[in-house]
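The values are calculated or read from the model by the stated rules, or taken from the named source; none is laboratory data. In this text, all values refer to a predicted model and were calculated from it rather than measured experimentally. Cβ: placed from backbone, ideal geometry, glycine included. Neighbour counts: every protein chain shown. When the accessible area is computed, the model is the full protein with side chains, heavy atoms only, and any ligands, DNA or RNA have been set aside. Shrake-Rupley method; radii C 1.70, N 1.55, O 1.52, S 1.80 Å.
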Amino acid sequence: MVSFTVSVPATTANIGPGFDCLGAALGLYNHVTVTSPTDPEVDLLIEARGRDGEKISTDKDNLLYQAIAYFYQQTGQAVPPLKLEIDLEIPLARGLGSSATAIVGGLLAANQAASNPCTEEEILQMAIAMEGHPDNVAPALLGGCQLAVKNGDHWQLVALDWPSQFVPVLAIPNFELSTEAARAVLPHQYDRSAAIFNASHLALLVQAFNQSRGDWLALALQDQIHQPYRQSLIPAYDQLHQAALAAGAYNLVISGAGPTLLAIADEVRAPQVAAALVETWHNAGIEAESHCLPIDTKGATITKLR
């Protein structure tokens, strides 16, 4: 087997009114290097290092390996012996798409190891099937900001231009929040007014990107489908929201299922927004870090080593 490394970007999903359909890739990455085990008696060897590496399973229940196995099952092949060296930059269970990086990374690794029998579109549909929704896996695979629209059993992906002056500011606290817990607080039904509210705000969000209108962006990031219910899971959310606005952010939203928060600000105000969020969380007794990250435009990449 030719050795290679797959690199997959972090993502921020939902993005205000874009619940389960809108996500963007960020300049923070997880990597997996794929080789053959040197011991012919070993069919799987997993090593994990980097951020939260000690929390990663090194058995066949590892999500990245599960994606590899799923690919081979879908293509009717046997999984070959593999050595997987996982290098992590993205924290787990923080709303930054760590599971999507494992799914996309595993599927791409399997496709590469199998001499690329599947197209990018086929990989995308497999990733959505595994994840259950497209808002993380689509930008993780394709890069940029991706809007996913369901058409029967198929997903249509539309790339949105993210203006360079809209800087993503990520505030990452030192506690985890599972997607399952974040979904559990959501209602099973919504009023018609909430559906209309989100439809109009998502349409405005697209136009705010198209025309680089910060005033429209500030309004467009409001939501009535998921954020009002998930805010209770994030300590000091109201204070954090007020601090972000006071520091000059257009608005503040929950990144993915949380607890990471995404503020969007212009290039001048982004650093002070980042500092204000860390300070506010610190004052609430929670340590956090913040990053002003670029939008990744390449998506997942494969680098051959030999």
### Considering residues of region 281-306 that are touching a residue at least 60 places away in the same chain (Cβ under 8 Å) and more than 21 Å from the chain's Cα centre (by Cα) only, the residue least open to solvent (accessible area, probe 1.4 Å)
281
### Query
Applying the selection to region 41-60, what residues are open to solvent by 80 Å² or more (accessible area, probe 1.4 Å), in a loop (DSSP other than H, G, I, E, B) and touching a Leu at 6+ places or on another chain (Cβ under 9 Å)?
43, 59, 60
### Summary
Here the qualifying pairs (Cβ atoms under 6 Å; residues six or more apart or on different chains; first in region 146-161 and among the aromatic types (Phe, Trp, Tyr); second at pLDDT 90 or above) come out as 155/128; 155/134; 155/148
### Lone qualifier among 278, 268, 206 - being surrounded by fewer than 23 Cβ atoms within 10 Å (Cβ to Cβ) and either part of a loop (DSSP other than H, G, I, E, B) or in contact with a Lys or Arg (Cβ under 8 Å, 6 or more places away or on another chain) (or both)
268
### Query
Do we have any residue at all in region 26-35 that's of a type in the set (Phe, Trp, Tyr), outside any strand (DSSP E or B), buried (at least 16 other Cβ atoms within 10 Å of the Cβ) and in contact (Cβ under 8 Å) with a residue 12 or more places away in the chain?
no
### Test for residue 121: is it under 21 Å from residue 21 (Cβ atoms) and open to solvent by 40 Å² or more (accessible area, probe 1.4 Å)
yes
### Query
Quick one: which of 171, 195, 182 is surrounded by fewer than 19 Cβ atoms within 10 Å (Cβ to Cβ) and within 30 Å of residue 235 (Cα to Cα)?
195
### Query
Within region 174-181, is even one residue of a type in the set (Asp, Glu), free of Cβ contacts under 8 Å to residues at least 24 places away in the same chain, in a helix (DSSP H, G or I) and out of contact with any Cys (no Cβ under 6 Å at 6 or more places or on another chain)?
yes
### Message
Any residue that is farther than 26 Å from residue 291 by Cα, among the polar types (S, T, N, Q) and modelled with pLDDT of 95 or more - is there at least one of those in region 34-46?
### Response
yes
#### Entry: Residue list for region 126-137, restricted to those being part of a helix (DSSP H, G or I) and surrounded by 19 or more Cβ atoms within 10 Å (Cβ to Cβ)
126, 127, 128, 130, 131, 137
### Task
Kindly check whether there is at least one residue in region 55-73 that is of a type outside the set (Phe, Trp, Tyr) and in contact with a Pro (Cβ under 8 Å, 6 or more places away or on another chain).
no
### Query
Any idea which residue in region 198-218 is nearest to the chain's Cα centre (by Cα), counting only those that are farther than 14 Å from residue 163 by Cα and among the polar types (S, T, N, Q)?
198
#### Entry: Selection from region 87-102 of residues that are buried (at least 24 other Cβ atoms within 10 Å of the Cβ) and in a strand (DSSP E or B)
none
### Task
List every residue pair whose Cβ atoms lie under 8 Å apart, where the two residues are 6 or more positions apart in sequence or sit on different chains, the first residue falls within region 109-121 and is in a helix (DSSP H, G or I), and the second residue, located anywhere, is open to solvent by 80 Å² or more (accessible area, probe 1.4 Å) and not basic (Lys, Arg).
113/1
